[in-house]
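Input: a single structure, listed below in structure tokens.
Just so you know, all these numbers are worked out from the coordinates, no wet-lab data involved. No experiment lies behind these values; they were computed from the predicted model shown. Positions of Cβ are generated from backbone atoms using ideal geometry, with glycine treated the same way; all protein chains shown enter the neighbour counts.
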There are 2 protein chains.
Amino acid sequence: MPKDRAATRIQQKNRAAILEAALNVFSAHGFRGATVDQIATEAGLSKPNLLYYFPSKEAIHTALLSGLLEVWLAPLHALDENGDPLEEILSYIQRKLEMSRDLPRESRLFANELVQGAPRIHEALSSDLKKLVDDKTAILTRWMEHGKIARVHPYHLIFSIWALTQHYADFDVQVRAILGDEDPFEGAGQFVETLYRKLLTP
Amino acid sequence: MPKDRAATRIQQKNRAAILEAALNVFSAHGFRGATVDQIATEAGLSKPNLLYYFPSKEAIHTALLSGLLEVWLAPLHALDENGDPLEEILSYIQRKLEMSRDLPRESRLFANELVQGAPRIHEALSSDLKKLVDDKTAILTRWMEHGKIARVHPYHLIFSIWALTQHYADFDVQVRAILGDEDPFEGAGQFVETLYRKLLTP
DNA sequence: CGTGAGTTTGACCAGATGGTCAAATCAAGA
DNA sequence: TCTTGATTTGACCATCTGGTCAAACTCACG
């Protein structure tokens, strides 16, 4: 077993390689569809060697998910009550859209998990995520009460932003099958900007 | 092997039971995560008995998907160039939302498939689906040119409708973790109605 | 250079899983 | 009732897969 304290260069390199490979494989095939062998091969390790760094397939998955949740929610965290309301929301949306473009594997990892009932992160959803969303919808509600943005259901506003932006990562194949060569994200950026401006302008 | 022609009552009943059970299991666990035994048990059959009606796990999955694609696209099919533009679109949206509420398993079945790159329905996407969407976006574009609805990117308009409505079925756990007891679909119906009215009113 | 901790691997195991098959059972028409 | 085709099943198989282990190898450092 690798020592806990003072990870060696090798440990750092291999752990990183494993997580990177696991992100590829889990996001493409889901937890059950991914095999340890596949992850090991993609990470350039043998299976027993991989299991020297992580005690189980489950442990890799958990490590990935919990590490990523933070990154994933960062843009919402950044929503600032003291900024200009509409611009804050629009820039949150653009940041989410960029994440769909730049981190599609991460998006699909969560999508896989959620579609199947989130067996492994259900708790994080109803604690951390709920708390964050409650905080931010409170800000949205205050903005609405002060007439800074139009009144809409704040939770569904958030859901709609998630749905719209993550769609481009999660259902990438479908989008590309329909759009052909056209870059999805060009049009998407414009579209969501228009949409939320019209929706939220008081 | 069951005879092709003249399906007996037993055949009809068992085939239906298998597809029903398979819908449960595939939508909850994905293709790889589902086991033939599980489907058989849920259908009230033994595994060999199930494989008497369908030659393989893959065959069940294919049968399900192709049977469902039609149902799934019916609302879009119904979009009528001769109706009132805004009302046509809004009722399409409401119908999609009802499908998310009433057929969440179907939605998740497709979601599972799409998130993992649609290995089994990729062709249907770039042929049937693309053709249908091309047809309907042509209608949308004509409506826009005649000033009946606001000008937006028609493909992204469709994507946004899919994303918004299916979100409530596909990411049901997340939605419920955040909303608590509140019924998601009440608020959602109102929200999307407002959203698309504001977006599309010229 | 020697040594002990850290790293890697071939061989292996147990359980799960998709699928097969011959034999048994059932159901409906003659 | 008897026969024949449809239906059902217990036993079985090959493969895959997560995980183990002891032995081998490598590397940093005294």
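Take every Cα pair under 8 Å whose residues are at least 6 apart in sequence, average their separation, divide by the length of chain B, and the relative contact order is 23 percent.
So which aspartates and glutamates pass the test for A:LYS131, namely a Cα distance under 13 Å, with those fewer than 8 places away in the same chain ruled out? Cα-Cα hits under 13 Å: A:GLU123. Please identify, among B:PRO48, B:PRO104, B:PRO154, the residue showing maximal mean-square fluctuation in a Gaussian network model of chain B using a 10 angstrom Cα cutoff. With Cα springs under 10 Å in chain B, the top fluctuation among B:PRO48, B:PRO104, B:PRO154 is at B:PRO48.
One chain, two ends: B:SER66 and B:ASP102. Fully extended at 0.36 nm per residue, the span grows by 11.0 nm beyond their Cα-Cα distance. Sparsely packed loop sites in segment B:48-99 (the GluC sites (Glu not before Pro) outside DSSP H, G, I, E and B with at most 13 other Cβ atoms within 10 Å) comprise B:GLU81. I'd like the distance separating the alpha-carbon centroids of segment A:123-202 and segment B:164-183, in whole Å. The two parts, judged by their Cα centres, are 14 Å apart. The slack in the chain from B:GLU58 to B:GLN94, taken as 0.36 nm per residue of separation less the alpha-carbon distance, amounts to 9.6 nm.
For chain B, complete DSSP H runs whose alpha carbons reach 18 Å or more along their own long axis and whose mean Kyte-Doolittle score is 0.5 or higher are B:57-77. Which one, B:HIS61, B:HIS122, B:HIS167, has the greatest fluctuation when you compute a Gaussian network model over chain B with C-alpha springs under 10 angstrom? Sorting by GNM fluctuation, first place goes to B:HIS122.
Among B:TYR168, B:TYR52, B:TYR155, the largest mean-square fluctuation in a Gaussian network model of chain B (Cα springs under 10 Å) belongs to B:TYR52. Distances, shortest first, from the label point of B:THR62 to those at the same position in the other copies read 4.0 nm; the point lies 7 Å along Cα to C-beta. Let me test this: with uniform point scatterers at the alpha carbons of segment B:65-200, what is the Debye-based log₁₀ I(q)/I(0) at q = 0.14, 0.18, 0.21, 0.22 1/Å? Log10 of I(q)/I(0), two decimals: -0.68, -1.08, -1.36, -1.43. Overall, segment B:65-200 carries a charge dipole of about 380 debye about its Cα centre when +1 sits on the Cβ of Lys and Arg and -1 on the Cβ of Asp and Glu, all other atoms neutral. If you take the square roots of the eigenvalues of the alpha-carbon gyration tensor of the protein assembly as shown and sort them as a ≥ b ≥ c, do you get rounded (a/c under 1.5), prolate (a/b over b/c) or oblate? Oblate shape, in that a/c is at least 1.5 and b/c is the bigger or equal ratio. Pairs to check: A:LYS13/A:LYS47; A:LYS47/B:LYS57; B:LYS130/B:LYS198. Give those whose C-alpha atoms are more than 21 Å from each other in this structure. Distance filter (> 21 Å) returns A:LYS47/B:LYS57; B:LYS130/B:LYS198. Distance from the Cα centroid of segment A:27-65 to that of segment A:66-116 is 26 Å (rounded to whole angstrom). In terms of Cα atoms, the Rg and Dmax of segment B:1-55 work out to 11.3, 34 Å.
Residues B:ILE60, B:ILE121 in ascending order of nearby Cβ atoms (within 10 Å, fewest first): B:ILE121, B:ILE60.
Only Cα pairs under 8 Å and 6+ residues apart enter the sum, and on that basis the relative contact order of segment A:1-55 stands at 41 percent. Per-residue extension of 0.36 nm, minus the Cα-Cα distance of B:GLU20 and B:LEU132, leaves a gain of 37.6 nm for this segment.
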